[in-house]
1. Can you tell me which residues in the stretch 144-178 are part of a loop (DSSP other than H, G, I, E, B), over 17 Å from the mean Cα position of the chain (by Cα) and hydrophobic (A, V, I, L, M, F, W, C)?
2. Consider only pairs whose beta carbons are under 6 Å apart and that are at least six residues apart or on different chains; among these, list those whose first residue lies in the stretch 99-113 and is without any contact (Cβ under 8 Å) to a residue 12 or more places away in the chain and whose second residue is outside any helix (DSSP H, G or I).
3. List every residue pair whose Cβ atoms lie under 7 Å apart, where the two residues are 6 or more positions apart in sequence or sit on different chains, the first residue falls within the stretch 53-78 and is assigned to a loop (DSSP other than H, G, I, E, B), and the second residue, located anywhere, is among the polar types (S, T, N, Q) and open to solvent by 20 Å² or more (accessible area, probe 1.4 Å).
4. Filter the stretch 92-119 down to the residues that are within 17 Å of the chain's Cα centre (by Cα) and open to solvent by 10 Å² or more (accessible area, probe 1.4 Å), then identify the one that is nearest to ALA25 (Cα to Cα).
5. Hey, among VAL6, VAL65, which residue is modelled with pLDDT under 95, surrounded by 15 or more Cβ atoms within 10 Å (Cβ to Cβ) and more than 16 Å from GLN85 (Cβ to Cβ)?
6. For residues that are of a type outside the set (A, V, I, L, M) and out of contact with any helix residue (DSSP H, G or I) (no Cβ under 8 Å at 6 or more places or on another chain), scanning just the stretch 177-192, find the one that is nearest to HIS120 (Cα to Cα).
7. If we scan the stretch 190-204, do we find a residue that is open to solvent by 10 Å² or more (accessible area, probe 1.4 Å), under 30 Å from PRO31 (Cβ atoms) and assigned to a loop (DSSP other than H, G, I, E, B)?
8. Of THR214, THR174, which residue is in contact with a helix residue (DSSP H, G or I) (Cβ under 7 Å, 6 or more places away or on another chain), open to solvent by 10 Å² or more (accessible area, probe 1.4 Å) and more than 24 Å from ASP136 (Cβ to Cβ)?
Amino acid sequence: MSIFAVPEAPSRSELISHLVRTRIAGEVATPRENNLSHYRKLSNGDRHYWLGLELGDRWTDEQDVLAVMAERCGVVDDADHRAGQDTIDPELTVGALDRAAAELRKAAETRATVLFATGHPGALLDMHGAVARALDAAGCTVVRVPLGVFADEGVVVQFGGVAVYERGASLWHTHSPEPMARVLNALEGAGRKLPDLVVADHGWAGCAAQRGITTVGFADCNDPALFLGEAEDTLSVAVPLDDHVTDPRFYEPMTAYLLKAADLA
């Protein structure tokens, strides 16, 4: 099999077993203490944790944030659980993948313009790239980011149609919404239409959703903003998952499931 080939799609039950086994969902590596710290910082108005969304004063109670995360991500809903293991519900992950697939199917049917981006190039780059290739083959236009888009003392570059943040000749993990904001501004400045759909994570996704673009975002249990955006209908879909497990190849069965559900495989 070619290294670029997407493996055969698993069934729903097979995917759930795989997600739990690889800790993409189920008992994930992100500790409860880290989750609660991020929920608290978001509710205290730290915009780093807003991921480009404008949350105003609507989420100032940490317990309200926890309630949404329990409902949409599957973290433990007990407010007295302050330390140790936390969870992502694999059923919620697969349900969100099904909703994401519906957006991808719609994009393919309408030959939409789609922008892909990731703040996790060490983990999710191949996943985004596989979806980009599938939509390109289906007749969509994958956005080519203008040259010379600078943000946060670095530059936006693309690999396989996926925008990432580079600084010092290295690809960086970033939560910042600024790279996406600069990309969208550059597209408008060049007289090009904004994308019909964005598939991304972190601040790339939050910024695009805040600009009114239909957005599918992938988010970990310590990144509550995208789930709040989905709860407020700003973000179209937030897919809960551990966004940096030990081997990027662990995401391949999930990607295959997503593409099959979207009628792209």
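The values are calculated or read from the model by the stated rules, or taken from the named source; none is laboratory data. Just so it is clear, the model here is predicted, and its values are computed rather than measured. Positions of Cβ are backbone-derived with ideal geometry, glycine not excepted, and every protein chain shown enters the neighbour counts. To get the accessible areas, we keep the full protein, side chains included, count just its heavy atoms, and leave off ligands, DNA and RNA. Shrake-Rupley method; radii C 1.70, N 1.55, O 1.52, S 1.80 Å.
1. Across the stretch 144-178, the qualifying residues are VAL145, LEU147, VAL149, ALA169.
2. Cβ pairs passing all conditions: none.
3. LEU53/GLN210; LEU53/THR234; GLU54/GLN210; GLY74/THR87; VAL75/THR87; VAL76/THR87
4. This residue is LEU92.
5. Of the residues listed, the single one that is modelled with pLDDT under 95, surrounded by 15 or more Cβ atoms within 10 Å (Cβ to Cβ) and more than 16 Å from GLN85 (Cβ to Cβ) is VAL6.
6. Once the filter is applied, the top-ranked residue is ARG182.
7. No, the stretch 190-204 contains no residue that is open to solvent by 10 Å² or more (accessible area, probe 1.4 Å), under 30 Å from PRO31 (Cβ atoms) and assigned to a loop (DSSP other than H, G, I, E, B).
8. Working: THR214 fails: more than 24 Å from ASP136 (Cβ to Cβ).
The conditions single out THR174.
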